[in-house]
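Working notes for the structure below.
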Ligand code: NAD
Ligand code: IPM
Ligand code: MN
């Protein structure tokens, strides 16, 4: 059979540091589990801008469309913050998501038992937690038109004379397809979906609620569906997160709610994600796998970053793109074992302290745990 084709885009800041540890894991599966990988690596974000003057070269975009899975580290950083909006590192990431049409972003938040005391919430609130946020990723206020910064000429009362515009826009079709993804996933879990929007103040929120309900009533009546305003949802996530199974929400609310969910697991450095699109010719979805965290400029270059979010993102690639569910389980168990053994990067240090391991040491421990 063909080797699995992977495009690795390490990006900026801690991106290359955490991705180096994923490479060790890929090498291990290649050497020990008879898997063959055809890996190519390319630039994205600030690194691509430095080389090509654009955060994503067309050739890289074309390559991403062809592989079984894209693995992305992180993009952005202070060196690029003053660049023109059109060439900011983040634009490269958004172009990948949009042109690959990766509309369903799966952000699982699982609290490993060994980390229940490191969450900023009480152990009894987070122990055993296993929720999945399904974030719409290719529409909403991130992409809606009109957008821009304009002179506000006809408004003499506007001090400064400018206006910044973004548009929250959703079509019924965009809502239905991400709702289906959420209901399908719920059927493999605890069969419950909570949809979050602000139907009390936004027409796009009213449409969201109606369309999610329509998909439920017509196609998934067996799944339990509830609706919640997103502000209450944020509060409920930290009050009693275990009430949720699958949460489905829009692009912006999903971005914010998933960072909040990260702290339930102990650290943003723990949260993986899968960005999935429509099935390709081989029946598997177009896909990119990316940790939820960013380039962490405050710790970049110091060997302090936690590589687990990126490694667990690769586990999701094994499961959703490569049909290697058993290997995904094996990798997740290796991470769990290392944490149970007390191995911690600096972000996972509790009040009692201890000596943190480096990014590379954490990767080595996980590979050693794989080997058993
Ligand atoms: P961030 O996620 O980079 O960092 C937030 C905090 O979490 C920092 O204190 C950081 O040190 C810590 N952190 C993040 N990942 C960690 C890890 N793996 N191990 C240990 N600690 C970790 O968010 P930010 O500081 O708001 O953004 C920095 C840059 O990253 C910005 O340019 C932003 O646009 C970009 N960003 C990119 C992505 C992405 O590429 N997917 C996601 C979020 C932010
Ligand atoms: C994320 C990030 C991105 C987003 C940025 C870097 C474009 O915060 O993946 O969560 O807002 O989607
Ligand atoms: Mn984010």
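Every number in this text was worked out from the coordinates using simple rules, so none of it is lab data. In this text, all values refer to a predicted model and were calculated from it rather than measured experimentally. Because the Cβ atoms are built from the backbone with ideal geometry, glycine has one as well, and the counts that use them run over all protein chains shown.
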Just order 232-241, 175-184, 306-315 by mean Cβ neighbour count inside 10 Å, highest at the front, would you? 306-315, 175-184, 232-241
Taking region 281-347, how much of its Cα-Cα pair set, in percent, is spaced more than 17 angstrom apart? 52 percent
Antiparallel content of DSSP bridges confined to the chain, in %, to 5: 40 percent
Is the shape of region 130-264 best called rounded, prolate or oblate, per the rule: a/c under 1.5 gives rounded, else a/b larger than b/c gives prolate, else oblate, with a ≥ b ≥ c the square roots of the Cα gyration tensor eigenvalues? prolate
When the helices in the chain are scored as -39500 (n - 2.57) per DSSP H run of 4 or longer and the sum is shared across all residues, what 222 nm value do you end up with, to the nearest 500 deg cm²/dmol? -12500 deg cm²/dmol
Among 329-341, 245-257, how do they line up by average Cβ neighbours within 10 Å per residue, starting with the highest? 245-257, 329-341
If R0 = 30 Å, then residue 202 and residue 158, at their Cβ-Cβ distance, give a FRET efficiency to the nearest 0.05 of 0.80
With bins 5 Å wide starting at 0, give me the P(r) of region 174-242 over every alpha carbon pair, in whole percents. 4, 17, 27, 24, 20, 9, 1
Shape of the chain, Cα gyration tensor, a/c cut at 1.5: rounded
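Place the peptides 155-165, 282-292, 211-221 in order of packing, highest mean first, counting for every residue the other Cβ atoms within 10 Å and averaging per peptide. Write down the numbers at each step before the final one.
On the way: 155-165: 9.5, 282-292: 21.5, 211-221: 16.5.
Ranked by mean Cβ neighbours within 10 Å, highest first: 282-292, 211-221, 155-165.
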Rounded to a whole number of µm²/s, how large is the Stokes-Einstein D of region 197-273 at 10 °C and 1.306 mPa s, given Rh as the Kirkwood radius over C-alpha pairs? 117 µm²/s
Per the C-alpha gyration tensor (a ≥ b ≥ c, the square roots of its eigenvalues), region 99-196 is rounded if a/c is under 1.5, else prolate if a/b beats b/c, else oblate; here it's oblate
